[in-house]
Amino acid sequence: MSFTAIEHGRPRLNRSELAVPGSRPEMFEKGARSAADIVFLDLEDSVAPDEKPKARKNIINGLREVDWGTKTVSVRINGLDTPYMYRDVIDVMEQGGERLDLIMIPKVGIPSDVYALDMLVTQVEQACGWKKQLGFELIIETAQGMANVEAIAVASRRIESLHFGVADYAASTRARTTRMGGPSPSYGVLTDATGDGGGRSFHWGDLWHYALSRLVVAARANGLRPLDGPFGDIPDAEGYRAQANRAAVLGCDGKWAIHPSQIVLANEVFTPPEVEVNQARRILLALKDAQAEGRGAVALDGRMIDLASIRQAEILVKKADEIRGRTA
Ligand code: GLV
Ligand code: MG
């Protein structure tokens, strides 16, 4: 382990993150009662320019009037290059009140984007006498943002999570695909013609692998949650599950749901399987027994257990307990 300890952002359950357009207030109650861990009310891309002021009002009313229970509530503001962003922050915070937990900042390009928002949010919190501190969720969805992701991850102590905004990322990098978050039939490898038997086969690859992996590393190196973004083919539950699974394998905490039907899929994929949790509990019990007996070495089923396995077991059990607490 390095002498430099990783400081962790505020822990939250974030298996699923439901997007709800600010222009559809009739969907707020449903979002509040859904099984999503986090709901974000959107002022950005799902809201047309001439609907922005109305959507802002809807969100202010929704924050004040909807019973959000223990749900984590976020608002996605417009980008720093738009004329809407300052009002999104000031009006929503001043008029919506302290129920808001997080602000989601889209298209973050450089660390100073986050610094500027931190300054604005800090001033509003101070002026309004807020007791709680808003957290930030950052969407990394441009080539510029990805090129600066490591520096962006440490731009403010408010940052809790980095999200891979695959749709805008594709546009920004001019990726030759129009699918939101799925694989592309053009991205893969063709096996060599001289291979076994001479027959050639085409193997699809994951064109988002580099970007998502880079984001996961930047997030985990700084104690933040990495999140996978949207999957656009709503009827394709199998496709969603596959994308979520590969994000979970890479280390993501969760994935967006851009339709309520995707919440259950995300919660299922990002909940650690029971067999893994049971095994982790057994590892921790073996550790406890070894400590009680003054033994330095921990063994289970005839195998030595190293410190890394113990740490992984602790993380898994903590997460499982958190989920149980939420769903009990
Ligand atoms: C999300 O905002 C995305 O662009 O994918
Ligand atoms: Mg986007």
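The values are calculated or read from the model by the stated rules, or taken from the named source; none is laboratory data. No experiment lies behind these values; they were computed from the predicted model shown. Neighbour counts run over all protein chains shown; Cβ positions are idealised from the backbone, glycine included. Side chains are part of the model used for accessible areas, which takes the heavy atoms of the whole protein and leaves out ligands, DNA and RNA. Shrake-Rupley method; radii C 1.70, N 1.55, O 1.52, S 1.80 Å.
In the set I310, I323, only one residue is open to solvent by less than 40 Å² (accessible area, probe 1.4 Å), part of a helix (DSSP H, G or I) and more than 30 Å from G69 (Cα to Cα); that residue is I310. Residues of segment 11-22 include none that is surrounded by fewer than 21 Cβ atoms within 10 Å (Cβ to Cβ) and among the polar types (S, T, N, Q).
Does S161 qualify as being small (G, A, S) and either part of a helix (DSSP H, G or I) or open to solvent by 10 Å² or more (accessible area, probe 1.4 Å) (or both)?
So S161 does not fit the description; no.
Here R200 meets the list (1) part of a loop (DSSP other than H, G, I, E, B); (2) within 16 Å of ligand 1 (Cβ to nearest atom) almost entirely, failing just condition (2). Evaluating D306 against the criteria (1) closer than 26 Å to I139 by Cα; (2) modelled with pLDDT under 90; (3) among the acidic types (D, E) leaves one unmet condition, (1).
Listed here are the residues, each with its yes/no results for (1) more than 16 Å from ligand 2 (Cβ to nearest atom); (2) more than 26 Å from L212 (Cβ to Cβ).
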| residue | (1), (2) |
| --- | --- |
| G96 | yes, yes |
| I103 | no, no |
| V114 | yes, no |
| G135 | yes, no |
| Q144 | no, no |
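From the list V121, V114, V92, V154, which one is away from ligand 1 (no atom under 16 Å from the Cβ), aliphatic (A, V, I, L, M) and closer than 20 Å to S23 by Cα? Walk me through it before giving the result.
Numbers: V121 fails: closer than 20 Å to S23 by Cα; V114 fails: closer than 20 Å to S23 by Cα; V154 fails: closer than 20 Å to S23 by Cα.
Of V121, V114, V92, V154, the one residue that is away from ligand 1 (no atom under 16 Å from the Cβ), aliphatic (A, V, I, L, M) and closer than 20 Å to S23 by Cα is V92.
In segment 163-174, the residues that are farther than 19 Å from D253 by Cα reach residues that are more than 8 Å from ligand 1 (Cβ to nearest atom) with C-beta atoms within less than 6 angstrom, at least six apart or across chains, in these pairs: A170/T177; S172/T142; S172/A143; T173/A143. Close contacts from segment 211-226, counting a first residue that is open to solvent by 10 Å² or more (accessible area, probe 1.4 Å) and among the small types (G, A, S) and a second that is at pLDDT below 95 and assigned to a helix (DSSP H, G or I), with Cβ to Cβ under 9 Å and a gap of 6+ residues or different chains, come to none at all. From the list V108, V73, the lone residue that is away from ligand 2 (no atom under 16 Å from the Cβ) and either part of a loop (DSSP other than H, G, I, E, B) or at pLDDT 95 or above (or both) is V73. Which one is most open to solvent (accessible area, probe 1.4 Å) among residues in segment 31-50 that are among the acidic types (D, E) and more than 16 Å from ligand 1 (Cβ to nearest atom)? Out of the qualifying residues, it is D50.
Scanning segment 170-186 for residues that are in a helix (DSSP H, G or I) and of a type outside the set (S, T, N, Q) yields A170, A171.
Yes/no matrix, rows are residues, columns are (1) among the β-branched types (V, I, T); (2) within 30 Å of G325 (Cα to Cα); (3) open to solvent by less than 10 Å² (accessible area, probe 1.4 Å):
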position	(1), (2), (3)
N58	no, no, no
N61	no, yes, no
R64	no, yes, no
T70	yes, yes, no
R76	no, yes, no
M85	no, no, no
V89	yes, no, yes
Q95	no, no, no
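Residues in segment 170-183 that are in contact with a Ser or Thr (Cβ under 7 Å, 6 or more places away or on another chain) and at pLDDT 95 or above: A170, S172. Entry remark, segment 170-199: residues being touching a Gly at 6+ places or on another chain (Cβ under 8 Å) and open to solvent by less than 30 Å² (accessible area, probe 1.4 Å) number 2 in total. Taken over segment 225-270, the residue count meeting the criterion of being over 20 Å from D168 (Cα atoms) and of a type in the set (V, I, T) is 4. The set of residues in segment 173-228 being within 16 Å of ligand 2 (Cβ to nearest atom), of a type in the set (A, V, I, L, M, F, W, C) and over 27 Å from N267 (Cβ atoms) consists of A175 alone.
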